[in-house]
Every structure is written in structure tokens, then in C-alpha cells.
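S.K.: Starting off with a structure, shown below.
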């Protein structure tokens, strides 16, 4: 089988997970509805990553206890082949949907903020082939690119939060949504549709990560760093814009320096930062696209992942083009119910695998004694 | 070793990366007219008469030596209309990437047309939303004419320096479009925007030449720099502030009132205050380095207790014993004067229904939900608000103050 998986270490995995989670949380989850009851996104967005981390640890624990080498094997072990097929298809679809959400967001951003005079289609044609090209080269290539850029992107994000520090005012975070903890928790749960797939894909490619243990460490490091970065970015956004402004704002992270009165050398860095974030989105998009192709090939015994990646890329291109003309309902359904589709079956899979492996161990011990 | 080489190569590539920045195709400065300031007046045929102040670019003799700016004016129902009309008569494209200021006439600012005008897509023009706002008494077209001068060709630098200098002296607030939008959208406070004026007693350059030829000078005592005679320099100047009630101009404050307003807002940096008694006049340089401490109690009539800590340096002492009298007399006198002024300006703003001192910022911090804050209707309650000001002035350096030179 030519799955282009290769072998990477913890650093590559952590960088890849970090880039994917930060990109998805900051750019996919950031929609006007998130600010309806005040600004609690500095809790709900990192909360979505935290919930993904909890599920990830649960699944990694179940894989270790049951001795399964990757997530696909764990699903077969827990529910059998038939349900395993359905869950694999679900991961495939959600990984593809996340690639779509991220690339769609960035094509709109680049179009609206940089190439306004062009139509959206050339911008899509400019971005999507790069995503396909990176994904085509496989997991090792994506992870190594992530390692090259991970630290640079993280530092740039931190700097972009530090430059406009003079414009931050604590009162803009108020009124604190203290009466809406339930809404914040619900937002965090709903947001897992964008954070869980990245973590699940890592477990699917556990062999390429040199085993479950290595994948687990990489996932934990990446997720913890992402929680910190996303919380810091959302607090910075909250201290720059009130919730009423955020309800009507497209990509507030891009506009952090607008409240500065005195211009500085860093005043016009926003476009440069946008292209840095675009690099992150290209890596994350390629990871999701490759992940979808990988799960499909691995599950249904396709021998080469590359045609699957190209096919997924072309479908992505078509979806983005169609979405430009008309909103695709299917993606809205994923946005709304994706978290339920992920949390319930995969938590159940982990629980069943843990119980099953426990009984099998017990049975094994009894057989040994007998 | 190989790892180090790879890292070094990567770092070298990163260092070289900025060299790749530039234009993809041939771009000539002559193809663009860089708009430094947009001025919006009431139109005659259309809704607005929009003026564009442009910087002259390139190698032209005028750009090198003459007045480095010129004005293009066009009427339109919105900015895009006016740009279309302006483009008909100019051999270049208007470019807004360097626009730093939007000037609005007081007539526009007093009507709903200001909001209507500012609701354009700034992205569509590459116009930054951090652009500063100025309200002009009279018309912006006249104000622009007062800004052009052959002696100081770089109009962008001139205008910005003028603005910054005044702001550092505590005579004008600085408000950009995003802050205005925040104030209008969130309803937590009202903005104070600097006011641009014209000193008609200062002759224009063409007038000056005529006067020299005719050997006579005419001055108009009515139109001076805020009532004070001035000669030389630019006709246009920025002085005082325009306070808003939501999105409408509510009234004007002079430079002294603006100083007091900035003190209460916590945006005051340096400024001068002088007090006189029977022993002489003492002028102080006042500095606000600590933000005001505000305690709010809410209810039907909100009440604020504001405590300010200021630092003072004696700049002029005709009595000769200011330092010796500081603790016993001058400190209390200065503090009482500032408290009295704060109360007066607060009442003035309240009368205009403008929360220019931004008490709403502190009020909203006491609510635990958006609904409760909305239901409270801050601007309605503000009408009944009372404030209590407390000021402590500390002498910055007693040795410097007692030994001025």
C-alpha cells in the first residue's frame, strides 16, 4: 500500500496538531453567533480544544489497553467491521468538511482583505492547488513542513497580540457573560466539530507517529499549547472590540491594531500576518485533506492514497466554487451536529473497547490459570 | 553537523525572504493620486461635496519645490459617486492607502448624514478604519486651502505633526473611526472629536503677495485663532473638541474645556494651567501619568466618585515663593480649581447629553449579563447622573520647582 505515511516524531506531530487546532479554533469557530450573549469565546474556544483533548486521551487510553495500533482498528475491535466502516466514513467526511471550512474561510479572507478587485474563483484556484500539492506528498511531508513553520507561526501570533497592546481596554470584555455559562459550555461542545477531527486523524495515523504512545504525547503537547494561544488571542480580541462590534466583524484578529491612535512601524503588518496565517491554514488544510484520503484508502483497501487526495482536492475545489454562488446546506449541518456525531460514537467506542479489553484480559487470565 | 547546516540555510532563506517583497508588475507613482485627507461638506446638487487633499508625487518641479499638495473636489450621493466624478477630470487613480484623516463639516456632523457617509465599505477603497476623524467649523474645502503652503511641502507630515503636537499639549482628543463606531454601536460612551478651524486673519499666500504689492495689510479681528491674534503659520488649525451624543454632534468645547475633559477621560498627557492671586501668577505644567480611579454606584441616578492624581511642575512664578507656599496654599488652590473645572465640564457635557467623560465604560463593568446591561439603558440614566471629583496634585520635583533655572 502506498499511503505516503512515512515516520515522524513527537515534535512534528505536536506542531501539526498545534497548527491545525489554532487555525480551526481562531478562524473556523469565530462567527457572529459566538458573541450573541457577550464575549465568552476566550473560554468556549479553548474549551472546544480541551474537550477534544479529553476524547483524544480517552481513545488513546482505550487503544493502549486493547493493544490496537490505530483508531480504525480500535473501532473494529469495539463495534465490529460494519459499524467500524460507518465510523470511518464519518471521520472521512468530517476531516473533509474541516478542510473545506478552513480553506473556505481563508479564500474569503484573502479575497476580501487583499485581492478585492479579483473574483473569488481565481483566489480559490490560487489556494486549493497548494493544499492538494502538500497533501499529495503525504503525512511525513505535511508534518515536517509543520515542524518548520510551527514555532515561527506561534511566535508571530504572539507578537501580533503584543503589538497593539496599547489599544487593549479591560472594560470591553464586560458585561461578562456570567449568567450564560450554559451557553458558553454549549458553544464549547458545538465547537468540537472543528477540533476533534484533527486529534482523531492523529490517532488514525498512529503508526506514522511511531505508535500510540508517541501520538498521544504529540497530541497532548500540541493541544495544550493551542489552548494557551487561542485563549490569549480571544482575550486580546475581547479587549480590543466589544461584543456588539464583534457581532458585525469579519476576522477580528486581523483588525487588532485598528484601535491604536498613534501609528507605529507595526501598524501595517496586518497583511503580512494574514499571509503567515495562510501558511498555517495551508498546512492544516493539507493535513485534513490527506487525513480524509488516508482513512478512506486504509479502510477500503485502496493501494495508493494519492489519487484519493487529488479526488478529494477536486471535490473541495468544486464545493468552494459552488459555495461561492450558494450556501451549501450540508456543511451547515456538519457545523450544527458535527460535535454530536463525533463525541457520542467515539466516546462509546472508547468505553466499549475499555470494557471489552478488561473482560478479555480477565478471560485470558482465567484461561491461563485453567 | 548536517542539522546545523539545514538550520543555517533556513535562517538565511528567511533573511533573504523580505527581498522578494515588491510589486509584481511595473507600477508608477504617476498612475496614482494619494489622498491624504477626505473632507465632507454639504453638497448643492448632491448630498455631499467631497474634497480630496492629495500629495504631489514624483519628480515634478512642483512636487520638489512648490506647494506639495492640491485639492480635488466633487459632489456625490456617497464617496464612490464622488470618486467617479473626480476620476473624470484627473489623469490618475485616487488611492486611499495613505489616507490618515476624514474631515466632516459641522453641518454634516449635526445631521444623520455623517453616519450615512461613514457606512461605506472601507475595505473596498483600501481605506484604513483607523483613520482619524476631525470636525471642521465651516467647510472642509476652505480648511484644506488653509493647510496648503509652499513653505512646507509635505502636507501629510505637516498635518500629522500639527495634530500630534496639539494632542500632547492636551488641547485636542484623538479619535479614530473605529472608536467612533464602538461608541455609536455599543452605547457605552460618546466620542469627543477634535475641531478644525480657520483663522481668516492670516492671509493666504496669494493674498500675501497682493498685500505686499499694494503695501497694505488687512486683518479681521473676528476670525482669529480662537479669539487670540496670531500672525504667520497656517490658516487652518485644530483646537478644542466636538462632543457627540451618539452619532450626532451635540456641542463644542474650547481648548481649556478639552484639557479638563481629557483629564477626566484619562487621556491627558501634558498641559499648562496657571493660577493668579495677589502675590503673583504661577503657571504649572500638569502631567497625568496615572489613570483616574472611578467608583460607580448605579441606580436610577448613577453616581461616580472620580479620583485623579496629577503631577505638577512650576514653569512660571512671578511671586518668587511658590515652592514655599505650595503645601499651605497653592496645592489646595490648584486642586480646588481643577475640581471646580471638572464639575463644570461634566455639567456641560451632561447638558449636551454626551457621555464624553466615558463613565459608561465603568458602568458596564457592574453587569453580569448583556440583557441586564441593555435593560439598564445607560444613556437614559446618564441624564440623572451625578459625579464627585477629587484631585490630588503632587509637586513633581521640589528642587526643580524652587530653582527654576
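S.K.: Between A:346, A:267, A:193, find the one with the highest GNM mean-square fluctuation for chain A; connect C-alpha pairs within less than 10 Å.
M.R.: A:267
S.K.: What does the extension gain come out to for residue A:337 and residue A:82, with contour length at 0.36 nm per residue minus their alpha carbon separation?
M.R.: On the way: separation 255, 0.36 × 255 = 91.80 nm, distance 2.23 nm.
Result: 89.6 nm gained on full extension.
S.K.: Which of the three applies to the stretch A:146-212, rounded, prolate or oblate, going by the alpha-carbon gyration tensor with a ≥ b ≥ c and a/c under 1.5 meaning rounded? Could the numbers behind the result be given before it?
M.R.: Numbers: a/c = 5.11, a/b = 1.36, b/c = 3.75.
Here the stretch A:146-212 falls in the oblate category.
S.K.: For the residues B:272, B:4, what sequence is obtained by ranking on other C-beta atoms within 10 Å, fewest first?
M.R.: B:4, B:272
S.K.: Taking the DSSP beta bridges in the protein assembly as shown as the whole, what percent of them are antiparallel, to the nearest 5?
M.R.: Among the beta bridges of the protein assembly as shown, antiparallel pairing accounts for roughly 65 percent.
S.K.: Can you grab the distance from the C-alpha centre of the stretch B:353-374 to the C-alpha centre of the stretch A:11-33, Å, no decimals?
M.R.: Taking the Cα centre of each part, the stretch B:353-374 and the stretch A:11-33 sit 34 Å apart.
S.K.: Right, something else. State the extension gain, in nm to one decimal, for the chain segment bounded by residue A:347 and residue A:247, taking 0.36 nm per residue of separation less the distance between their alpha-carbons.
M.R.: On the way: separation 100, 0.36 × 100 = 36.00 nm, distance 3.36 nm.
That works out to 32.6 nm of additional length.
S.K.: Pairing the Cα long axis of helix A:192-204 with the longest principal axis of chain A, what angle in degrees results, from 0 to 90 and rounded to the nearest 10?
M.R.: Rounded to the nearest ten degrees, it is 40.
S.K.: Which one of A:326, A:259, A:271 has the biggest mean-square fluctuation once chain A is modelled by GNM with Cα springs under 10 Å?
M.R.: Of the options given, A:326 has the highest mean-square fluctuation.
S.K.: Which shape class applies to the stretch B:313-386: rounded if a/c is under 1.5, otherwise prolate when a/b exceeds b/c and oblate if not, where a ≥ b ≥ c are the square roots of the Cα gyration tensor eigenvalues? Display every interim value, and only then the final one.
M.R.: Working: a/c = 4.46, a/b = 2.93, b/c = 1.52.
Because a/c hits 1.5 or more and a/b exceeds b/c, the stretch B:313-386 counts as prolate.
S.K.: Under a plain spin-label model, where a point goes 7 Å from the Cα along Cα-to-Cβ, how far apart in nm are residue A:185 and residue B:92?
M.R.: Taking the simple label geometry, residue A:185 and residue B:92 are separated by 6.2 nm.
S.K.: If I take R0 = 35 Å and measure r between the Cβ atoms of residue B:254 and residue A:178 in this structure, what FRET efficiency does the formula 1/(1 + (r/R0)^6) give, to the nearest 0.05? Don't skip to the end; give the middle numbers.
M.R.: Working: r = 43 Å, r/R0 = 1.23.
Once rounded, the FRET efficiency stands at 0.25.
S.K.: Further question on the same structure: For a quick check: sort B:361, B:374 by the number of other beta carbons within 10 angstrom, fewest at the front. Don't jump to the answer; show the numbers that get you there.
M.R.: Details: B:361 21, B:374 13.
Listed from fewest to most nearby Cβ atoms, that is B:374, B:361.
S.K.: Now a separate question. Could you compute how fast chain A diffuses translationally, taking Rh as the Kirkwood radius over C-alpha pairs and applying Stokes-Einstein at 20 °C with viscosity 1.002 mPa s? Give it in µm² per second. List each step's numbers first, then the result.
M.R.: Details: Rh = 21.0 Å.
Reported coefficient: 102 µm²/s.
S.K.: Let me ask you something else. Percent of Cα-Cα pairs more than 18 Å apart in the stretch B:256-405, please.
M.R.: Numbers: 6626 of 11175 pairs.
Roughly 59 percent, once rounded to a whole number.
S.K.: Give the calculated FRET efficiency between residue A:54 and residue B:298 to the nearest 0.05, with a Förster radius of 45 Å applied to their Cβ-Cβ distance. Mind showing how you got there, number by number?
M.R.: On the way: r = 40 Å, r/R0 = 0.90.
Efficiency for this residue pair is about 0.65.
S.K.: Additional query: Using a basic spin-label model with each label point 7 Å from the Cα along Cα→Cβ, how many nm lie between residue B:318 and residue B:7?
M.R.: It is 7.0 nm.
S.K.: Something else about it: How do B:313, B:288 line up, fewest other C-beta atoms within 10 Å first?
M.R.: Details: B:313 16, B:288 20.
In increasing order of surrounding Cβ atoms, one gets B:313, B:288.
S.K.: In addition: May I ask for the Rg/Rh ratio of the stretch A:222-341, computed from Cα atoms with Rh as the Kirkwood radius, given to two decimals? Can you show the working numbers first?
M.R.: Working: Rg = 19.0 Å, Rh = 18.0 Å.
Answer for the stretch A:222-341: 1.06.
S.K.: Continuing with this model, one more query. Place a label point 7 angstrom from the Cα of residue B:272 along the Cα-to-Cβ direction, then list the residues of the stretch B:165-202 whose backbone nitrogen is under 18 Å away.
M.R.: The answer is B:165-172, whose backbone nitrogens lie closer than 18 Å to the label point.
S.K.: Would you please classify the overall shape of the stretch A:107-247 from the alpha carbon gyration tensor, given that a ≥ b ≥ c denote the square roots of the eigenvalues, rounded means a/c under 1.5, and beyond that prolate means a/b larger than b/c while oblate covers the rest?
M.R.: Numbers: a/c = 1.88, a/b = 1.27, b/c = 1.48.
In terms of gyration-tensor shape, oblate.
S.K.: Could you state the angle between the C-alpha long axis of helix A:270-299 and the longest principal axis of the C-alpha atoms of chain A, as a value from 0 to 90 degrees rounded to the nearest 10?
M.R.: Once rounded, the angle reads 20 degrees.
S.K.: How much FRET efficiency would the formula 1/(1 + (r/R0)^6) give for residue B:78 and residue B:228, where r is the Cβ-Cβ distance and R0 is 45 Å, rounded to 0.05?
M.R.: Values: r = 39 Å, r/R0 = 0.86.
Efficiency, rounded to the nearest 0.05: 0.70.
S.K.: In deg cm²/dmol, rounded to 500, what helix-only [θ] at 222 nm does chain A give when every DSSP H run of at least 4 residues adds -39500 (n - 2.57) and the total is split over its residues?
M.R.: Details: 13 runs with 271 residues, N = 370.
Helix contribution divided over all residues of chain A: -25500 deg cm²/dmol.
S.K.: What is the gain in length, in nm to one decimal, between residue B:375 and residue B:344 on full extension, counting 0.36 nm per residue of separation less the C-alpha to C-alpha distance? Please report the intermediate quantities before stating the final value.
M.R.: Working: separation 31, 0.36 × 31 = 11.16 nm, distance 2.97 nm.
Answer, rounded to one decimal: 8.2 nm.
S.K.: Which percent of the Cα-Cα distances in the stretch A:200-271 go past 19 Å?
M.R.: Numbers: 1430 of 2556 pairs.
Value for the stretch A:200-271 (Cα pairs over 19 Å): 56 percent.
S.K.: Let me ask something additional. Restricting things to Cα coordinates, could you compute the convex hull volume per residue of the stretch A:1-143 in Å³?
M.R.: Values: hull volume 23.2 nm³, N = 143.
Convex hull of Cα atoms, per residue: 162 Å³.
S.K.: Now for a separate question. Under a 10 Å cutoff between Cα atoms, tell me which one of A:301, A:357, A:214 has the largest fluctuation in the Gaussian network model of chain A.
M.R.: Of A:301, A:357, A:214, the most mobile in the Gaussian network model is A:301.
S.K.: Could you give the nm distance between label points at residue A:155 and residue A:213, where each point is 7 Å from its Cα heading toward the beta carbon?
M.R.: Each label point is offset 7 Å from its Cα along the Cβ direction, giving 3.2 nm.
S.K.: While we're looking at this one, here's another question. Using the Kirkwood radius over Cα pairs, work out the Stokes-Einstein diffusion coefficient for the protein assembly as shown at 37 °C and 0.692 mPa s, in µm²/s as a whole number.
M.R.: Details: Rh = 30.1 Å.
Result for D is 109 µm²/s.
Laboratory data are not the source of any read-out in this text; all were calculated from the coordinates shown. These numbers were taken from a predicted model, which means no experiment stands behind them. Every residue, glycine as well, gets a Cβ built from its backbone with ideal geometry; the counts of neighbours run over all protein chains shown.
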